[in-house]
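Enquirer: Sending over a structure as structure tokens; questions will come in a sec.
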Amino acid sequence: MKLYDAAMPAPNPRRVRIFLAEKGLSVPLVPVSLAAGEHKQDEHRARNSLGQVPVLELDDGTAISETISICRYLEALQPQPPLFGTTPKEIGLIDMWIRRVEQQIGAHVGHVWINAHPYTERYAKTHGIQRYADFGDYSRGRALGGMTWLDREIAGRDYIAGDSYSMADIAALSIVDFAAFIGIEMPEDCAGLRAWHARVSARPSAQA
Ligand SMILES: N[C@@H](CCC(=O)N[C@@H](CS)C(=O)NCC(=O)O)C(=O)O
């Protein structure tokens, strides 16, 4: 088994690396250079036709893409410690929060990155991606609004989906850190979100 990976600040491969660290699992990492466009080469598209990372390649050659799907596979392989919940209630809530942080914050951060960040200007030209600056600016507001909403939602609890650390925390951490990398910092008045961020960032896995 090996993981086709990309270095920081790429948020999606990082989610798998954090997950592996939390599980105490070690999987060989194969670096794919996004800057050099290796993810769009035929060799990588044979693993993931969308030309994205991460991809987990199993020993029989099966390629699993999509961060959450990769982590679900790993959870099935090694259930302890559980990061997707064990009871029906935990499983439902963790899944809900993964989707919510991806949809209410992550998607908007991604739109800012593609449409309005200087770093992606040349990348967009090379790959024929049309950029919409206004949409990028609008998405920045939506991302900040999502963070403010999440701050309210997690009031009174230590982790995104409840009292235990879960995949929802991994999803949110990678999104919040990538947002900061592209200049979308957590709002000053989001004290609960900031405290949560400090809590999960203090875990050794956050270095992955
Ligand atoms: N839905 C995918 C998204 C993967 C993704 O967007 N990965 C980024 C790197 S963090 C990438 O490969 N971007 C290049 C592209 O989309 O063309 C997942 O969850 O794994």
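The values are calculated or read from the model by the stated rules, or taken from the named source; none is laboratory data. Treat the numbers as computed from the prediction; the structure is a model and nothing was measured. In this analysis, Cβ positions are derived from the backbone assuming ideal geometry, glycine residues included, and neighbour counts consider all displayed protein chains.
Enquirer: Just to verify a result, which residue in the range 29-65, among those that are exposed (fewer than 15 other Cβ atoms within 10 Å of the Cβ) and acidic (Asp, Glu), is nearest to TYR4 (Cα to Cα)?
Expert: Of everything passing the filter in the range 29-65, GLU43 is nearest to TYR4 (Cα to Cα).
Enquirer: Hey, another quick one. Could you count how many residues in the range 105-147 are closer than 19 Å to HIS197 by Cβ and surrounded by fewer than 15 Cβ atoms within 10 Å (Cβ to Cβ)?
Expert: 1
Enquirer: Let me ask you something else. Whether any residue in the range 105-118 is under 18 Å from the mean Cα position of the chain (by Cα), more than 10 Å from the ligand (Cβ to nearest atom), in the same structural domain as GLY145 (by TED's automatic domain parsing) and under 15 Å from ILE160 (Cα atoms) is what I want to check.
Expert: yes
Enquirer: Moving to a separate point now. What strands (runs of 3 or more DSSP E) completely inside the range 1-90 contain at least 3 residues that are within 16 Å of the ligand (Cβ to nearest atom) and free of Cβ contacts under 8 Å to residues at least 24 places away in the same chain?
Expert: Values: elements: 2-5, 29-31, 55-57, 63-65.
So the answer is 63-65.
Enquirer: Has the range 161-171 got any residue that is surrounded by 15 or more Cβ atoms within 10 Å (Cβ to Cβ), modelled with pLDDT of 95 or more and over 22 Å from ARG17 (Cα atoms)? Outline the logic, then answer.
Expert: We begin by selecting, within the range 161-171, every residue surrounded by 15 or more Cβ atoms within 10 Å (Cβ to Cβ); these are 161-162, 164-171.
Adding the requirement that they be modelled with pLDDT of 95 or more leaves 161-162, 164-171.
Now drop any that are not over 22 Å from ARG17 (Cα atoms), which leaves 162.
Yes, because at least one residue in the range 161-171 is surrounded by 15 or more Cβ atoms within 10 Å (Cβ to Cβ), modelled with pLDDT of 95 or more and over 22 Å from ARG17 (Cα atoms).
Enquirer: For PHE178, all conditions in the list (1) surrounded by fewer than 15 Cβ atoms within 10 Å (Cβ to Cβ); (2) touching a helix residue (DSSP H, G or I) at 6+ places or on another chain (Cβ under 8 Å) hold save one; what is the number of the exception?
Expert: All conditions are met except number (1).
Enquirer: Among the residues in the range 26-35, are any under 24 Å from VAL109 (Cβ atoms) and either in the same structural domain as PHE181 (by TED's automatic domain parsing) or at pLDDT below 95 (or both)?
Expert: yes
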